[in-house]
Amino acid sequence: MKNYLLFDLDGTLTDPMEGITNSVAYALDAYGIHVEDRRTLIPFIGPPLVDSFMEFYGFSREKAEEAVWKYREYFSDKGIFENKVIPGIPRALEMLCDKGHILLLATSKPEVYARQIMERFGLAPYFTGIYGADLEGRRTAKADVISYAMTGEGIRDASQALMTGDRSHDIVGAKACKMAAVGVLFGYGSRQELEEAGADAIADTVEEMARLLAEYP
């Protein structure tokens, strides 16, 4: 049994599609890029925003960092709570806590926003620690956030911990920290994406995820 279970937030615990895509569209609009179909912005869910603006719209790093601040103008006011808990998650978290696991959040979303979301949607009580990115962009890569969480909790042996997330960067970040990783398919990543990233196991449903994490050696 793994003592520490680390979780991604977007696409793993909550479905933030409305808030994130609205915020990205707001930011792009500032650069004269008008997006009618919000579904085309779904790839922004999960990875660090700076990387996504650079990858999907060809922004320079400086322009991408500026776009993130535009994104936050909408997100901090409206988008943050245009969100919903994935069905079955509270019950799964309660079961894992009851079995003695220590739950930690490790998200590329700024920690200040992550805390508000976790509290607003009643998920915070299940978690011993909430760890996220900083607003200045010094800690955004998932490996950096996982390392930050390990330091914060005094985890010296990564074999005692397990990362769970829905996108490749969750898996890659865990591997960079010598940690096992489980991918989930009820978020925004595909099986192929998670397998290619090196996921140790993949769960199709919330219920399967809960059973897998509880029994993981």
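From the list THR14, THR21, THR40, the lone residue that is farther than 23 Å from ARG139 by Cα and not small (Gly, Ala, Ser) is THR40. If you go through the range 1-24 and keep only what is open to solvent by 10 Å² or more (accessible area, probe 1.4 Å) and assigned to a helix (DSSP H, G or I), you end up with MET17, GLU18, ASN22.
Please tell me if PRO87 is open to solvent by 70 Å² or more (accessible area, probe 1.4 Å) and either in contact (Cβ under 8 Å) with a residue 60 or more places away in the chain or in a strand (DSSP E or B) (or both).
Working: open to solvent by 70 Å² or more (accessible area, probe 1.4 Å): yes; either in contact (Cβ under 8 Å) with a residue 60 or more places away in the chain or in a strand (DSSP E or B) (or both): yes.
Here the answer is yes, as PRO87 does meet what is asked.
Scanning the range 116-132 for residues that are assigned to a helix (DSSP H, G or I) and over 12 Å from PHE81 (Cα atoms) yields ALA124, PRO125, TYR126. The set of residues in the range 1-42 being touching a residue at least 60 places away in the same chain (Cβ under 8 Å) and over 22 Å from ASP77 (Cα atoms) consists of MET1, LYS2, ASN3, TYR4, LEU5, LEU6, PHE7, ASP8, THR12.
Got at least one residue in the range 155-170 being in a helix (DSSP H, G or I), among the basic types (Lys, Arg) and loosely packed, with under 14 Cβ neighbours inside 10 Å? No: zero hits. Among the conditions (1) closer than 25 Å to ALA64 by Cβ; (2) assigned to a helix (DSSP H, G or I); (3) open to solvent by 30 Å² or more (accessible area, probe 1.4 Å); (4) not acidic (Asp, Glu), GLY152 misses just one, which is (1). Out of all the residues in the range 93-147, which are over 18 Å from ILE45 (Cα atoms), under 14 Å from the mean Cα position of the chain (by Cα) and at pLDDT below 95? Answer for the range 93-147, where residues must be over 18 Å from ILE45 (Cα atoms), under 14 Å from the mean Cα position of the chain (by Cα) and at pLDDT below 95: there is none.
The values are calculated or read from the model by the stated rules, or taken from the named source; none is laboratory data. Note that the structure is predicted; figures quoted are calculated from it, not measured. Note that we place each Cβ from the backbone using ideal geometry, even for glycine, and neighbour counts take in every protein chain shown. With ligands, DNA and RNA removed, areas are computed over all heavy atoms of the protein, side chains included. Shrake-Rupley method; radii C 1.70, N 1.55, O 1.52, S 1.80 Å.
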